[in-house]
1. Round to the nearest 10 and report in Å² the accessible area of V85, as given by a 1.4 Å probe over the protein chains' heavy atoms.
2. Tally up the carbon and sulfur contribution to the accessible surface of the chain as a whole percent, 1.4 Å probe, everything protein left in place.
3. In nm, give the distance between the simple-model label positions of E106 and T93, each being 7 Å from the Cα along the Cα-to-Cβ direction.
4. Compute the signed sum of charges (Lys and Arg +1, Asp and Glu -1) over the other residues within less than 15 Å, Cβ to Cβ, of K32.
5. Cα-Cα over 22 Å: which of K48/K86; K59/K86; K48/K91; K47/K89; K10/K86; K32/K59?
6. Amide H to amide H under 5 Å from L109: which residues, 5+ apart in sequence or cross-chain, H placed 1.01 Å off N in plane?
7. Excluding E106 itself, calculate the net charge of residues whose Cβ lies under 15 Å from the Cβ of E106, where each Lys or Arg counts +1 and each Asp or Glu counts -1.
8. For the chain, what is the relative contact order in percent, using Cα pairs closer than 8 Å and at least 6 residues apart in sequence?
Amino acid sequence: MKYISFKLNKEFRRLYGRGKCLVLPQVVIYYKRNNLPYCRVGVSVSKKLGGAVQRNRAKRVMLAAFRQILPQLPHGYDFVFAGRVKTTKVKSTAVYGAMQNALRREGVLPL
């Protein structure tokens, strides 16, 4: 399955305001149905997490975990992943496991 990246601030704000929120120790997930034949994803990392190296690592980790989940996802969802301090210190497999469990609990991923 393919996905498209969010780039515009209004796309992020729409999901922050109208989407559902899952708070995990490693990442915060905002999601909402979009009724499109593909998924859209955005990654947000605050400067509070550290310098450019730490922020870029957090983005890479979250996107790597999302790419692992992508084949299991149904079509038509928007996701925004917001990094937390712990994101810079863990591997993508830990983030993948946390994302997978949370999305299964919410009914986004099949059991």
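The values are calculated or read from the model by the stated rules, or taken from the named source; none is laboratory data. Keep in mind that this is a model prediction, so the values were computed, not measured. Please note: Cβ atoms are built from the backbone with ideal geometry, for glycine as well, and neighbour counts cover all protein chains shown. Just the protein is used for accessible areas: all its heavy atoms, side chains included, with ligands, DNA and RNA removed. Shrake-Rupley method; radii C 1.70, N 1.55, O 1.52, S 1.80 Å.
1. Surface open to solvent at V85 totals about 90 Å².
2. On the way: 3260 of 6290 Å².
Looking at the chain in its full context, I get 52 percent from C and S.
3. 2.5 nm
4. +4
5. Working: K48/K86 12 Å; K59/K86 12 Å; K48/K91 19 Å; K47/K89 15 Å; K10/K86 27 Å; K32/K59 20 Å.
In this structure, K10/K86 exceed 22 Å between Cα atoms.
6. Counting only residues 5 or more places away or on other chains, the set is R104.
7. Numbers: positive: K20, K32, R33, R104, R105; negative: D78.
Summing Lys/Arg as +1 and Asp/Glu as -1 gives +4.
8. Working: 180 pairs, mean separation 36.0, N = 111.
Relative CO of the chain lands at 32 percent.
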